[in-house]
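Participant: Could you have a look at this structure, given as structure tokens, before my questions?
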Amino acid sequence: MAIKDAAVRGSRILAWRLVHRLWRAAERAGAITADTPAGRSFAAFGPGSVIGFPAAALYNQRWMEIGAGTLIAPQVSLSAGMLPGQDLGDAPVLRIGDRCVIGRGSHIVAHYSIVIGDDVFTGPYVYITDQNHGYADPDVPIGRQWPSNVAVSIGAGSWLGAGVVVLPGAAIGRNVVVAAGSVVRGQVPDHCVIAGVPAKVVREYVTGNGWSRPLPASKDPG
């Protein structure tokens with residue numbers, strides 16, 4: 001019995017090692033870089049950038065630009081438009097800058113214009129979109145009403161914590177910290193920390209005074 005148990009344990013260890021070796025090989029082979037066929041399908045895909053394997057939804061890459069040295073983790077969805085093959089015009093609708101990091105499981109859903117500046121980092125499971133469902137007609141299901149599109153921008157050097165939601169029309173300034181779980185709408189100034197639903201400024205940097213709490217009237221960026 002002891003010999004049989006040892007053999008079973010040994011076979012399980014070998015199987016575990018084999019599975020992990022195969023998975024690491026798949027990750028290396030499946031990663032998207034500038035010199036892969038998938039990378040060349042983008043409007044631009046900078047040198048040193050990589051989309052980890054496996055990606056989630058990924059379509060209409062010809063309307064996406066990714067800068068140099070950017071890391072997009074596995075299980076990230078990047079989509080342009082509603083359907084694969086949709087014609088979105090001449091210009092890209094999604095631009096991700098240089099040296100960015102997009103966390104695992106995040107979704108960036110562009111229809112009109114999403115611009116993410118250089119050196120923007122996100123935690124996992126961040127959701128960014130420039131489109132919202134319409135609900136003007138109370139007699140029509142919301143999912144069947146015509147959506148509205150409003151451009152989104154995220155300033156260079158910003159950090160978005162895990163689970164952040166960025167809504168259409170959000171314009172986040174430079175070097176902004178967005179606390180985990182926040183929902184961002186409207187204008188957000190440079191050099192501040194925002195948190196909450198909806199996100200409000202909880203700390204801001206003032207030249208000569210350093211970091212401090214804002215006045216109550218300046219708390220809501222929306």
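Just so it is clear, none of the values below were taken in a lab; they were calculated from the coordinates. Because the structure is predicted, anything quoted here is derived from the model rather than measured. Positions of Cβ are generated from backbone atoms using ideal geometry, with glycine treated the same way; all protein chains shown enter the neighbour counts.
Participant: When the helix-only estimate is applied to the chain (DSSP H runs of n ≥ 4, each -39,500 (n - 2.57), divided by the residue count), what is the mean residue ellipticity at 222 nm, nearest 500 deg cm²/dmol? Kindly include the intermediate steps, with their values, before the conclusion.
Facilitator: Numbers: 2 runs with 33 residues, N = 222.
Helices in the chain give a 222 nm mean residue ellipticity of -5000 deg cm²/dmol.
Participant: Relative to the longest principal axis of the chain, what angle (0 to 90°, nearest 10) does the C-alpha long axis of helix 2-30 take?
Facilitator: 50
Participant: Also, quick follow-up: List the residues whose amide H sits under 5 Å from the amide H of VAL166, counting only those 5 or more places along or on another chain, with H placed 1.01 Å from N in the peptide plane.
Facilitator: The answer is TYR127, ILE128, THR129, VAL184.
Participant: Can I ask one more? Using a Gaussian network model on the chain with a 10 Å cutoff between Cα atoms, which of THR129, THR70, THR33 fluctuates the most?
Facilitator: Maximum among the listed residues: THR33.
Participant: Now a separate question. Find, to one decimal place in angstroms, the Kirkwood hydrodynamic radius of the chain, where the mean of 1/r is taken over every pair of different Cα atoms and then inverted.
Facilitator: Final number for the Kirkwood radius of the chain is 19.3 Å.
Participant: Taking a quarter of the surface of the convex hull around the Cα atoms of region 127-189, what do you get in nm²?
Facilitator: That works out to 4.5 nm², a quarter of the Cα hull's surface.
Participant: Next question. Among residues other than PRO74 whose Cβ falls under 9 Å from its Cβ, what is the net charge (Lys/Arg +1, Asp/Glu -1)?
Facilitator: With Lys, Arg at +1 and Asp, Glu at -1, the neighbours total 0.
Participant: Let me ask something additional. Please figure out what share of the DSSP beta bridges in region 73-222 is antiparallel and state it in percent, rounded to the nearest 5. It would help to have the intermediate numbers written out before the result.
Facilitator: Values: 9 of 37 bridges.
Antiparallel: roughly 25 percent of the beta bridges in region 73-222.
Participant: Turning to a different aspect of this structure: So what is the relative contact order of the chain, in percent, for Cα pairs below 8 Å that sit 6 or more residues apart?
Facilitator: Numbers: 583 pairs, mean separation 22.3, N = 222.
Here the relative contact order equals 10 percent.
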